[in-house]
1. Can you name the strands (runs of 3 or more DSSP E) wholly within the range 143-188 that have at least 1 residues being of a type in the set (Gly, Ala, Ser), open to solvent by less than 50 Å² (accessible area, probe 1.4 Å) and under 16 Å from Val101 (Cα atoms)?
Amino acid sequence: MQDPNEDTEWNEILRDFGILPPKEEPKDEIEEMVLRLQKEAMVKPYEKMTLAELKEAEDEFDDEDMRAIEMYREKRLQEWKVLKKKQKFGELREISGNQYVNEVTNAEKDVWVIIHLYRSSIPMCLLVNQHLSLLARKFPETKFVKAIVNSCIDHYHDNCLPTIFVYKNGQIEGKFIGIIECGGINLKLEELEWKLAEVGAIQTDLEENPQKGIVDVMVSSIRNTSIYDDTDSSNSDNEDTK
């Protein structure tokens, strides 16, 4: 088959009649590079600068640039404020009982607050504190605090520890009281993350409950036990009627 881009008299005739498309011109790499550089030059230098760099380079721009820079700087400041607001916590802080109202009940509007009431002599409480400390760094938009239970509630029973309360706008949205509700002595980090996500306090990236497999096995075991019990009972009834 004849190459349509070949320089022949016949191909030129076919192009004149529109039977063949116009001949493809070879791309000029130098021209392409020049066009790319021109396009990059159209981007104002301040659009690549940090706020500190903008401050240092103010004398290098004309009035039109300065007006654009002010708009750009305001945009960057707003973005920074939004980011700081979302990441204003990031750690598990210790508070005392007399700080409870200000730090938890009267916390900022629409901020989720997770407080752990603990006693350092209880190993499960120490485990929960370790997990919460890691979760606080992972979810800095949520407020994580802990308090020694005696400083908040007098005569609180050890059987109720650890205790985790989840607040939002002064209301308790979730609570986990005692070892079993908190997840057991072998509580994994992902399991606690899922529990807190279920009440809405954090936005987890976990796709399913880490304990789902364990729960399924337990349910299956209970069902099997129930079936065997029913069978034994039925056999016993049959023997009694003979």
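The values are calculated or read from the model by the stated rules, or taken from the named source; none is laboratory data. Since the model is a prediction, treat every value here as computed from it, not as a measurement. Here the Cβ positions follow ideal geometry from the backbone for every residue, glycine too, while neighbour counts run over all protein chains shown. Side chains included, ligands, DNA and RNA excluded: accessible areas come from the protein's heavy atoms. Shrake-Rupley method; radii C 1.70, N 1.55, O 1.52, S 1.80 Å.
1. Working: elements: 143-148, 163-168, 171-177.
The qualifying strands (runs of 3 or more DSSP E) are 143-148.
This table checks each residue for (1) at pLDDT 75 or above; (2) more than 30 Å from Lys146 (Cβ to Cβ); (3) assigned to a helix (DSSP H, G or I); (4) more than 27 Å from the chain's Cα centre (by Cα).
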| residue | (1), (2), (3), (4) |
| --- | --- |
| Lys55 | no, yes, yes, yes |
| Glu64 | no, yes, yes, yes |
| Ile69 | no, yes, yes, yes |
| Trp80 | no, no, yes, no |
| Phe89 | yes, no, no, no |
| Arg93 | yes, no, no, no |
| Tyr100 | yes, no, yes, no |
